């Protein structure tokens, strides 16, 4: 058993309860004419049942040692949060800055923030990759990213 | 005769220059994905799915299939050289493959893995061509109760095979069904669990979920620790196995082919199960079982052949019954649906070019893999040396591009990040993600089959047990779940007798 197992088990029970409640509100119907909430009631009930089993199992099991910590290595949680900040920032800024700038900033940040590489390498890799991705995905595969600040869509006219 | 004519038609499609190109792209990307730990075939297929919108469906399926079996090949390279499986189906190859590398026989291990995969893949193509038509005819006799029970069986097998505790796998399967029913109810037209987001009316997209659970969460798990890989000091001369190697490997290769193929057909089975089953079988049949774990070539040849053969077998239920047996196949189903095609018993008649073209391309793809993996093994070793700290920002960027590119929706990217964190937490708590993904994809099919059955049979739930095929599927499911309780019952009995 790990630290957090019990809490997650209770969350499943609560989620299952919500799904069952919503299923009844949507309309359970009957066996001969199942309503839109029919499967939700059954799936939610199963979720509660299995989660309850998990909780009971966790309580019954003898614990020879205290539960293992969630993060085994020091600084692991910090590294995870720093990494996550990259794509979160990308998603937040995509509309305003556009694909190229967002990709460039995210890559530079990720190359520097977690296991830092030299600035020159980070900038070179991030810049060239962002440009290649922009040309391949936006120009060749025609994925419509928001134009953003630089509005690099105008470059399309210059490309063959 | 019919099989030969069908295959000839398939080869006609597969050898078209564009299809050859897509097949090559697929096997190349697959090998790359297999070599690089951190993103599996599922993530790669999800990533490349948006690129298939602009190409014909047969080319799309040929490329995606290439990624799948290419990853099985590539996975063996990291298993042998670094003792890190590139993807889950190559876990078992680490045991003897890496031992062989330490003994200076990495070349022979990689060589036999490539030849075994090629032989397995080739025989599988013919088995597929032989078995698919009669299975499709049988599937035509299936009604909604049979489909429902088959999906229950698939989920039970996946739950049964889960690495972690079965109770956690069951929770994941139930949660997957709940996620699968988000969106508009097809019968009543009512929105369910959409919370006012009109983007969710069509349901939660499978791509953000898969990319989050397998791509983002994998990155988060990896950045937690310091990734230090040491590549075994390998001699990569002698890639061609010796006569003695062949003698020891031919049996495992042929057994692995048939075992892998038939386990691949099973719902919930697939490459992972096949490789483990093949290893166990070879160890049991060996005259020198003590050599397993110390560099036995049969321990590489059997599992590597089996996992490749299983990828071919897994296409049978998808293309004949329309039911994906694992998460990768579920994405293939998604790709076909995006192109307006519904896999099932009729696809062979309605889309012969797609069906037979894909099968034939697998044969050509296996040949390409042999050429890619043996002469260019040095290149793959160089790629292995790329540090993960340089790799993971690109994985995240490709995940973001892949998800955004499907619907141009920022909600999808938020969903992916949410599922990434969710998957990261759950994987740290030993939950397995595969039952959730499969249940989520099967959810709507499962619900339709259940509701249709109940409506047709006037609300009689016994219909699932009284119809022979459906009853057999459900009995199999029950047996699987009960067999999981046996060790617990034995422990309980021992505990009670000890107390006495």
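The values are calculated or read from the model by the stated rules, or taken from the named source; none is laboratory data. Note that this is a predicted model, so its numbers are computed, not measured. Neighbour counts run over all protein chains shown; Cβ positions are idealised from the backbone, glycine included.
What about residue B:109, is it more than 9 Å from chain A (Cβ to nearest Cβ) and surrounded by fewer than 24 Cβ atoms within 10 Å (Cβ to Cβ)?
No: the conditions fail for residue B:109.
Mind telling me which of the residues B:171, B:178, B:159 ends up being under 18 Å from the mean Cα position of the chain (by Cα) and buried (at least 24 other Cβ atoms within 10 Å of the Cβ)?
The match here is B:159.
In the range B:290-319, how many are farther than 25 Å from residue B:333 by Cα and either touching a strand residue (DSSP E or B) at 6+ places or on another chain (Cβ under 8 Å) or outside any helix (DSSP H, G or I) (or both)?
6
Condition first: within 26 Å of residue A:75 (Cα to Cα), under 24 Å from the mean Cα position of the chain (by Cα) and modelled with pLDDT of 85 or more. Now tell me which residues in the range A:115-143 satisfy that.
A:116, A:126, listed by residue number.
Run down B:104, B:143 and say which single residue is surrounded by fewer than 24 Cβ atoms within 10 Å (Cβ to Cβ), more than 21 Å from the chain's Cα centre (by Cα), closer than 20 Å to residue B:377 by Cα and touching a residue at least 60 places away in the same chain (Cβ under 8 Å). Show your work before the answer.
Details: B:143 fails: closer than 20 Å to residue B:377 by Cα.
Just one listed residue meets the conditions, B:104.
Scan A:146, A:66 and give me the residue that is more than 10 Å from every other protein chain (Cβ to nearest Cβ), in a loop (DSSP other than H, G, I, E, B) and either at pLDDT below 90 or within 24 Å of the chain's Cα centre (by Cα) (or both).
Details: A:146 fails: more than 10 Å from every other protein chain (Cβ to nearest Cβ).
Criteria check complete, one pass: A:66.
Residue under question is residue A:54, and the condition is that it be facing another protein chain (nearest Cβ under 9 Å), assigned to a helix (DSSP H, G or I), closer than 16 Å to residue B:447 by Cα and touching a helix residue (DSSP H, G or I) at 6+ places or on another chain (Cβ under 7 Å); does it hold?
Answer is no for this residue.
Residues that are more than 30 Å from residue A:79 (Cα to Cα) and either away from chain A (no Cβ under 12 Å) or in contact (Cβ under 8 Å) with a residue 12 or more places away in the chain (or both): which helices (runs of 4 or more DSSP H) entirely in the range B:343-448 hold 1 or more of them?
B:347-350, B:352-373, B:377-384, B:388-407
Looking at the range B:35-75, which of its residues are at pLDDT below 80 and assigned to a loop (DSSP other than H, G, I, E, B)?
B:36, B:37, B:38, B:39, B:40
Taking the criterion of being under 20 Å from the mean Cα position of the chain (by Cα) and buried (at least 19 other Cβ atoms within 10 Å of the Cβ), would at least one residue in the range B:374-393 satisfy it?
No; the residues of the range B:374-393 include none that is under 20 Å from the mean Cα position of the chain (by Cα) and buried (at least 19 other Cβ atoms within 10 Å of the Cβ).
Answer yes or no: is there a residue in the range A:101-117 that is buried (at least 21 other Cβ atoms within 10 Å of the Cβ), more than 24 Å from residue B:223 (Cα to Cα) and facing chain B (nearest Cβ under 7 Å).
no
Considering only the range A:118-137, how many residues are crowded, with 16+ Cβ neighbours inside 10 Å and either without any contact (Cβ under 8 Å) to a residue 24 or more places away in the chain or at the interface with another protein chain (Cβ under 9 Å from one of its Cβ atoms) (or both)?
The qualifying residues number 8.
With respect to residue A:15, is the statement that it is in contact (Cβ under 8 Å) with a residue 12 or more places away in the chain, under 30 Å from residue A:136 (Cβ atoms) and part of a helix (DSSP H, G or I) true?
For residue A:15, the condition - in contact (Cβ under 8 Å) with a residue 12 or more places away in the chain, under 30 Å from residue A:136 (Cβ atoms) and part of a helix (DSSP H, G or I) - is not met.
Across the range B:23-79, what is the total count of residues that are within 14 Å of another protein chain (Cβ to nearest Cβ) and either touching a strand residue (DSSP E or B) at 6+ places or on another chain (Cβ under 7 Å) or more than 19 Å from residue B:379 (Cα to Cα) (or both)?
Going through the range B:23-79 one residue at a time, the tally reaches 11.
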